[in-house]
Amino acid sequence: MEQKGVLFDMDGVLVDSGPIHREAWKRLAREAGRPMEDSFFDRVFGMRNEEILEELLGPGLDRERKAALGKRKEEIYRALARERLAPAPGAAELVAALEKAGFRLALASSGPRANVELMLDVTGLGREMETYVSAEDVERGKPDPQVFLEAARRLALPPGRCVVVEDAAVGVRAARRAGMKVVGVAAGGDREVLREADLVVSSLEELSPRVFEELLEVPWET
């Protein structure tokens, strides 16, 4: 039997961490004297911290300052996440069902390794994941496909045998560029931003192993 894999994004897919990230960024922005609007966060969520900081504070920010601000933001996030983080509706059930159906599973996130490990520990979702890829493991962030290609490499699977589950437009674009099928999760209700996905759902509760099997059976189109 040909092997198959599912690569999960983390924030907004396996966990509803968006509100926690939003609050962490808003607190950091206030500390930096540059209040952040919700519309700004909605536009940049899913990008790497250094890219968000350049958008927020300008491209002239030096490397050390970006590193310090990025570290501070993640400290705020993890302090909040330890108390609030929980699996998204249907996440634990879907992950368990996919593993039982023979899918190999990986996490592919733009987030720092410490955030990924915290999520896996707090939620218990790490039991079924064979591997994970975080920001420290790649040189380029989404929409570059590197994070998904690296996850597939670690599973020893060709890109065409992997399905990505994403909630952000940049992530959907990255999956398409990797040559992978992609399911968009529009938990916030805005399905239009995920229009490049092969399938868009409102919740992981709508998915089953059969859905992923069917996606892999359909020839990939550009």
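Details
- Test set (1) in a helix (DSSP H, G or I); (2) surrounded by fewer than 16 Cβ atoms within 10 Å (Cβ to Cβ) - residue 2 fails condition number: (1)
- Among the numbered conditions (1) farther than 22 Å from residue 155 by Cβ; (2) not in a loop (DSSP other than H, G, I, E, B), the only one that residue 126 does not meet is (1).
- From 86, 68, 79, 97, residue being aliphatic (A, V, I, L, M) and within 16 Å of the chain's Cα centre (by Cα): 86
- Among the residues of region 148-168, those identified as closer than 14 Å to residue 182 by Cα and charged (D, E, K, R) are 161, 166, 167.
- Positions within region 91-113 being buried (at least 18 other Cβ atoms within 10 Å of the Cβ) and either among the charged types (D, E, K, R) or at positive phi (or both), in sequence order: 104
- Region 14-35 - residue that is in a loop (DSSP other than H, G, I, E, B) and at pLDDT below 95 and, of those, surrounded by the most Cβ atoms within 10 Å (Cβ to Cβ): 17
- Yes/no for residue 166 being within 22 Å of residue 39 (Cβ to Cβ), under 15 Å from the mean Cα position of the chain (by Cα) and at pLDDT 95 or above: yes
- A Cβ distance below 7 Å, combined with a sequence gap of six or more or placement on separate chains, defines the contacts here; from region 1-28, residues that are without any contact (Cβ under 8 Å) to a residue 24 or more places away in the chain and outside the structural domain of residue 200 (by TED's automatic domain parsing) reach residues that are surrounded by fewer than 22 Cβ atoms within 10 Å (Cβ to Cβ) and assigned to a loop (DSSP other than H, G, I, E, B) in the pairs 26/36.
- Candidate set: region 29-48, residues that are in contact with a Gly (Cβ under 9 Å, 6 or more places away or on another chain) and without any contact (Cβ under 8 Å) to a residue 40 or more places away in the chain; chosen: the one farthest from residue 174 (Cα to Cα): 41
- Test: residue in region 86-108 that is within 22 Å of residue 47 (Cα to Cα) and in a helix (DSSP H, G or I): no
- Taken over region 77-119, the criterion of being aliphatic (A, V, I, L, M) and touching a Lys or Arg at 6+ places or on another chain (Cβ under 7 Å) is satisfied by 106, 114, 118.
- Residues located in region 109-123, provided they are among the polar types (S, T, N, Q) and not in a helix (DSSP H, G or I): 109, 110
- Breaking point among (1) outside any helix (DSSP H, G or I); (2) in contact with a His (Cβ under 8 Å, 6 or more places away or on another chain), for residue 77: (1)
- Top-ranked residue of region 175-221 - restricted to ones that are β-branched (Val, Ile, Thr) and modelled with pLDDT of 95 or more, ranked as nearest to residue 100 (Cα to Cα): 211
- Looking across region 171-205 at every residue that is touching a residue at least 40 places away in the same chain (Cβ under 8 Å) and surrounded by fewer than 18 Cβ atoms within 10 Å (Cβ to Cβ), the one that is farthest from residue 159 (Cα to Cα) is identified as 188.
The values are calculated or read from the model by the stated rules, or taken from the named source; none is laboratory data. None of these values were measured; they are calculated from a predicted model. No Cβ is skipped: glycine too gets one built from the backbone with ideal geometry, and neighbour counts run over all protein chains shown.
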